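Heads up, the thing below is written out as structure tokens.
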Amino acid sequence: MDLKPAMRLAFACLMVSLLAVAAAAQSFPVRLETRFGDATVPAKPRRIVSISFIGHDFLLALGETPAALRNWYGNDPSGVWPWALEVMGESRPAVLRGGIDIEAVAALEPDLIAAQWSGITEREYALLSRIAPTLAPPAGFGDYGTPWQLMLRRLGAATGTTDRAEAVIARIGKRFEELRASHPDWQGASAATVWAGQTGAFTSRDIRGRFLEDLGFQVPAEINTAAGVNSFHALIPAEAPAPIDADVLIWLDYGGSAPEIARMPLRPTLRAYREGREIHADPLLAAALSHSSPLSLDYALDRLVPLLEAAADGTPATPVPGMAEAGLLPGES
């Protein structure tokens, strides 16, 4: 649409006014409960430092670009993955690496510290709270067990973007709902997300496990039992891989894992192997699932749904894309 200069100016002014009204609709201060105490945000924050490994995705989904973010893993110097880089545009927040550096955070002069999914300790929370309101995880979910919807809602409340948070949750929730309805064979079937090397499996309390359960799958009870009540993953002995032998077995490759998977001596004993129920999630798909953020979920669904459709039918003759390229087809290991 080609607007004349005067019309463009009027339109811009209108949009600024609407944004101001929307921001004013959510009043401050906002008090949020955390596992370590209450965090009170006195006014809409302008400088947010995210020490959460995935928190920047959530902030960007809310239209909030953090002043600094914490790199988890990956090679991009911006510290983020493609789905976040696209939203970030030309902005380049400072990148924090490694453990939580209290002095580095203080030097950034934040007015909100986003610390969900960060592994923050009570001592670190106490120190950071003296710098700025610190949004630690809520009680009852552990360090890395908070559902993505709850993380987004809490950040929405802390940043005055509650309506936007709810809109994002509703949109993505509808997509999961439609996928459940269109795949009745997935409902109640078992599915496991696993990494190779020292084999580990994610529980239903982890965001990767919740992703599968949002599609109607169930994480095997043996994985949850092996992990214990407060853990988000379980280590599976190489000599006893039965707990991961699900209707769909997703191998998360964080870089160079395919040869390790191929060398697993008891992998051929798994029904998932014999019936072509395995999926190789390459590093980009594995990262999207491991972030399970409002920005990465669409990418993960776009990539994973066709793989699930091929793997869940239990027919070895149905090729699962990516398995041959990774050298993981039966007979190649």
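Per the conditions (1) open to solvent by less than 60 Å² (accessible area, probe 1.4 Å); (2) modelled with pLDDT of 95 or more, the sole criterion not satisfied by Thr199 is (2). Condition check for Ser293 on (1) of a type outside the set (A, V, I, L, M); (2) without any contact (Cβ under 8 Å) to a residue 60 or more places away in the chain; (3) within 27 Å of Trp72 (Cβ to Cβ); (4) not in a helix (DSSP H, G or I): one failure, at (2). Does Gly188 meet the test of being without any contact (Cβ under 8 Å) to a residue 60 or more places away in the chain, assigned to a loop (DSSP other than H, G, I, E, B) and touching a strand residue (DSSP E or B) at 6+ places or on another chain (Cβ under 7 Å)? Criteria met by Gly188.
Between Asp253, Asp245, the distinction of being modelled with pLDDT of 95 or more, touching an Asp or Glu at 6+ places or on another chain (Cβ under 7 Å) and under 24 Å from Glu325 (Cα atoms) belongs to Asp253 only.
Residues satisfying the criterion are absent from region 112-119 (criterion: open to solvent by 30 Å² or more (accessible area, probe 1.4 Å) and either at pLDDT 95 or above or within 21 Å of the chain's Cα centre (by Cα) (or both)). Within region 224-272, the set of residues being closer than 25 Å to Thr315 by Cα, open to solvent by less than 30 Å² (accessible area, probe 1.4 Å), outside any strand (DSSP E or B) and of a type in the set (Val, Ile, Thr) comprises Ile244, Ile261. Per this entry, Leu62 is counted among residues that are within 16 Å of the chain's Cα centre (by Cα), buried (at least 18 other Cβ atoms within 10 Å of the Cβ) and modelled with pLDDT of 95 or more. Scanning region 120-139 for residues that are without any contact (Cβ under 8 Å) to a residue 40 or more places away in the chain and out of contact with any strand residue (DSSP E or B) (no Cβ under 8 Å at 6 or more places or on another chain), we see that the one that is surrounded by the most Cβ atoms within 10 Å (Cβ to Cβ) is Glu124.
A count restricted to region 73-84 and to residues that are under 16 Å from Ala300 (Cβ atoms) and either open to solvent by less than 30 Å² (accessible area, probe 1.4 Å) or in contact with a Ser or Thr (Cβ under 8 Å, 6 or more places away or on another chain) (or both) stands at 4.
For region 283-292, indicate whether the set of residues that are open to solvent by 10 Å² or more (accessible area, probe 1.4 Å) and either closer than 25 Å to Gly145 by Cβ or of a type outside the set (Asp, Glu) (or both) is non-empty.
Yes.
Across region 140-150, the qualifying residues are those that are surrounded by fewer than 23 Cβ atoms within 10 Å (Cβ to Cβ) and hydrophobic (A, V, I, L, M, F, W, C), and the one among them that is farthest from the chain's Cα centre (by Cα) is Phe141.
Looking at Asp214, is it surrounded by fewer than 24 Cβ atoms within 10 Å (Cβ to Cβ), over 21 Å from the mean Cα position of the chain (by Cα) and charged (D, E, K, R)? So Asp214 fails the test. Give region 67-96 a look and list any residue that's more than 20 Å from Ala288 (Cα to Cα), touching a residue at least 12 places away in the same chain (Cβ under 8 Å) and either part of a helix (DSSP H, G or I) or not hydroxyl-bearing (Ser, Thr, Tyr) (or both), or say none. The answer is Ala67, Ala68, Arg92, Pro93, Ala94, Leu96. Of everything in region 35-59, what is more than 20 Å from the chain's Cα centre (by Cα) and either closer than 14 Å to Ala84 by Cα or open to solvent by less than 20 Å² (accessible area, probe 1.4 Å) (or both)? Give them in sequence order. If the condition is that a residue be more than 20 Å from the chain's Cα centre (by Cα) and either closer than 14 Å to Ala84 by Cα or open to solvent by less than 20 Å² (accessible area, probe 1.4 Å) (or both), then Ala39, Val41, Pro45 are the ones that fit.
Just for region 197-219: of the residues that are of a type in the set (Val, Ile, Thr) and in a loop (DSSP other than H, G, I, E, B), which one is nearest to Gly140 (Cα to Cα)? Restricting to residues being of a type in the set (Val, Ile, Thr) and in a loop (DSSP other than H, G, I, E, B), the top hit is Thr203.
Let's see how each residue does on (1) closer than 15 Å to Ile279 by Cβ; (2) buried (at least 17 other Cβ atoms within 10 Å of the Cβ); (3) over 20 Å from the mean Cα position of the chain (by Cα):
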site: Arg154; (1), (2), (3): no, yes, no
site: Glu166; (1), (2), (3): no, no, no
site: Asp185; (1), (2), (3): no, no, yes
site: Ala189; (1), (2), (3): yes, yes, yes
site: Trp195; (1), (2), (3): yes, yes, no
site: Arg205; (1), (2), (3): no, yes, no
site: Arg210; (1), (2), (3): no, yes, no
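The values are calculated or read from the model by the stated rules, or taken from the named source; none is laboratory data. None of the values given here were measured: they were computed from a predicted structure. Cβ: placed from backbone, ideal geometry, glycine included. Neighbour counts: every protein chain shown. Surface accessibility is based on the protein's heavy atoms, side chains included, excluding ligands, DNA and RNA. Shrake-Rupley method; radii C 1.70, N 1.55, O 1.52, S 1.80 Å.
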